[in-house]
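Take a look at the structure below.
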Amino acid sequence: MCGIIGFTGLKQAAPILLEGLARMEYRGYDSAGIAVVSSDPPRALQLAKVSGKVAGLFEKTQNGAAFPGTCGIGHTRWATHGAPTETNAHPHVSMHGMFAVNHNGIIENFVPLKQELLAKGYTFKSETDTEVVAQLLEDNYEGDFQKAVEKVLSMIEGSYAFAIVCRDDPDTLFAVKKNSPLILGKGEGFNLFASDVTALVEHTREVVYMEDGQYAKVTPDSIELFAEDGSPLPLVTSHVTLSISAAEKGGYEHFMMKEMMEQPEAVERTISPRIKDGEIVLDDFSLTREQLLGFRKIMITACGSAYYAGLAGKYAIERLCGLPVDVQIASELRYSDTPIDDRCLLIVLSQSGETLDTIAAVKECKAKGATVLAIVNVVESALTKLADSVLYTWAGPEVAVATTKGYTTQLAVLYLFAVYAAKVLGRLDGEAYASYIRELQQLPEAVRASLKLDCDMENMAQYFKDAQHVFYLGRNTDSALAMEGALKFKEISYIHAEAYAAGELKHGTIALIEPGTPVVSLCTNEALIEKSLSNIIEVKARGAVVTAVVPAGVPVSEEIRGYADRCVEVPALRDIFASIAAVVPLQLLAYHVAKLRGCSIDKPKNLAKSVTVE
Ligand code: F6R
């Protein structure tokens with residue numbers, strides 16, 4: 001949801017800004033722009049914007065060479081106010097060219113502020129809320145950059161991260177954070193900041209995670225951090241160990257393929273260090289045994305794929321812990337009257353840790369007394385600050401918009417939590433506990449085995465590439481898996497895909513099955529395979545072409561083979577853990593169909609990675 005960057009130092013700013021934007025492009029890719037203070041007189045803000053991807057900006061600025069200067073800001077956008085045109089692209093420059101502003105977020109009171117500025121004679125080029133901020137800065141500027149920033153911050157409402165540059169203060173930038181991420185990077189002879197640490201690591205590993213309400217004055221030699229009220233704050237520096245290659249494609253054609261292939265290691269990193277001598281040890285889990293014993297209900301909330309991971313986790317937690325688990329989409333939960341109190345554990349899932357609806361739902365539930373456990377991938381992200389306890393998914397940076405390793409590592413943490421909590425609650429012990437631990441340890445290998453289906457799924461993709469609709473069916477854990485499979489398929493191939501609890505199809509939707517309609521039937525749950533078989537027979541009778549996903553080496557899978565048109569064999573796992581390996585061929589199928597159709601796999605149309613608007 002927009003990536004912003006600022007650089008000031010001894011080197012040329014434009015190439016650094018462009019590289020940083022390219023790394024953050026997954027955050028938004030409908031337009032991009034940079035503003036650099038010119039090094040040659042007369043001093044001016046040099047501005048380049050394009051609608052479309054950052055590649056266009058490289059071209060327009062001759063890879064940055066056309067914009068000499070050592071201080072500037074950059075932006076890659078996912079449009080909220082105004083269409084993704086060049087005019088609406090950031091940075092926005094004030095009427096007399098004094099300030100340029102990049103913004104991630106929304107200014108809620110921009111309409112009255114704009115009216116006041118119009119009345120004062122300011123003219124606007126764009127339809128954005130951001131241009132109002134640039135004009136306000138100019139209107140409140142009396143020769144002191146910092147005072148103008150402070151004044152404007154006191155006037156605006158909403159959520160934002162800003163990068164601000166001033167023509168008259170050519171080495172200084174201001175970075176402002178409220179509800180959108182911003183990380184400061186400390187260098188030798190330069191300083192910079194960005195929405196994502198992946199844009200910083202090429203230049204420095206010493207970073208400062210800004211907190212909401214803070215702003216920073218950044219010059220080549222210093223970073224000064226301030227609280228909302230203007231009082232100075234100490235800089236708390238963290239060392240980032242992330243490798244640069246983690247943010248690069250590493251020889252793969254797409255980030256999505258690279259990230260799918262990274263899943264065995266990601267799941268291993270998430271699970272293995274948390275199992276010591278046959279016991280689950282959650283060093284980073286701060287809820288006590290007494291707290292766990294006190295919960296009467298678990299609520300899980302998230303958006304998109306993270307929500308589907310939550311649905312899968314429900315089956316594991318209910319089975320093992322015997323607690324009722326309700327799973328709600330965050331954008332619904334935040335406005336619902338679902339009873340929540342201090343005997344409720346809220347488990348919140350988010351790869352980015354930034355999703356606005358998820359954050360809002362957490363705030364609502366916290367206010368009602370819930371204890372919050374966050375399962376998050378991005379270190380120090382907003383959700384980690386709200387939670388009572390955090391369990392990280394150690395997936396590493398996920399760049400492709402469609403999540404893959406983010407989802408499988410969320411499943412891994414939910415499974416770990418279910419087994420851990422069952423033990424603490426006294427519901428699992430001895431050999432039963434040990435057998436769950438053994439299976440958890442096998443999950444990375446099971447995911448690795450599923451990845452060997454890549455060629456099969458590539459071949460199978462041709463049967464799906466011209467479909468109008470695809471149906472994904474499953475029962476129990478497989479119904480949650482069906483939802484994730486259908487989402488992955490539609491979001492990157494742009495073919496309509498719909499998931500149904502297999503037994504529910506006949507209550508209406510089966511009317512849409514026609515001769516040739518592709519159906520993906522998920523049958524990983526051995527105990528329910530007979531039931532799934534009946535559903536396969538039902539859709540086959542209406543002409544559907546069925547691809548079944550079945551556990552390998554299980555006799556009952558043979559029965560399915562007799563009816564399905566094609567079978568995909570995945571590692572046989574306990575039903576509540578099966579999705580982690582069975583999702584892999586579904587991810588691969590979506591990828592290969594999208595590739596055959598020439599779709600923009602890493603950056604599907606209309607989407608952005610972290611959704612920081614309602
Ligand atoms: C789909 C996908 C999205 C995200 C959703 C939540 O492939 O990636 O549905 O899962 O936007 O994002 P996070 O997990 O960052 O809160």
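The values are calculated or read from the model by the stated rules, or taken from the named source; none is laboratory data. Just so it is clear, the model here is predicted, and its values are computed rather than measured. Counting neighbours? That spans all protein chains shown, and the Cβs are built from the backbone with ideal geometry, glycine included. Just so you know, the surface numbers come from the protein's heavy atoms only, side chains and all, with ligands and any DNA or RNA stripped out. Shrake-Rupley method; radii C 1.70, N 1.55, O 1.52, S 1.80 Å.
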Worksheet, complete the sentence: Across (1) within 14 Å of Leu391 (Cα to Cα); (2) over 24 Å from the mean Cα position of the chain (by Cα); (3) open to solvent by 50 Å² or more (accessible area, probe 1.4 Å), Leu287 clears everything bar (3)
Item to complete: Check off (1) open to solvent by 50 Å² or more (accessible area, probe 1.4 Å); (2) part of a helix (DSSP H, G or I); (3) touching a Phe, Trp or Tyr at 6+ places or on another chain (Cβ under 7 Å) for Glu150 and give me the number that stays unchecked.
Response: (3)
Worksheet entry | Looking only at the stretch 520-537, and only at residues there that are surrounded by fewer than 17 Cβ atoms within 10 Å (Cβ to Cβ) and modelled with pLDDT of 90 or more, the one that is nearest to the chain's Cα centre (by Cα) | Lys531
Fill in: The lone exception for Leu320 - which of (1) modelled with pLDDT under 95; (2) assigned to a helix (DSSP H, G or I) it fails
(1)
Item to complete: Would you tally the residues in the stretch 300-319 being more than 16 Å from the ligand (Cβ to nearest atom) and closer than 20 Å to Ala361 by Cα?
Response: 1
Worksheet item: Going through the stretch 553-571 one residue at a time, which ones are open to solvent by less than 60 Å² (accessible area, probe 1.4 Å), over 25 Å from Ile510 (Cα atoms) and at pLDDT 95 or above?
Response: Val570, Pro571
Worksheet item: Hey, which of the helices (runs of 4 or more DSSP H) in the stretch 344-432, taking only ones fully inside, have at least 2 residues that are open to solvent by 20 Å² or more (accessible area, probe 1.4 Å) and within 16 Å of the ligand (Cβ to nearest atom)?
Response: 356-367, 382-386
Worksheet, complete the sentence: Taking the stretch 433-478 and the residues there that are assigned to a helix (DSSP H, G or I) and among the small types (Gly, Ala, Ser), the one that is surrounded by the most Cβ atoms within 10 Å (Cβ to Cβ) would be Ser450
Item to complete: Give me a count of the residues in the stretch 324-340 that are open to solvent by 80 Å² or more (accessible area, probe 1.4 Å) and either charged (D, E, K, R) or over 12 Å from Ala361 (Cα atoms) (or both).
Response: 3
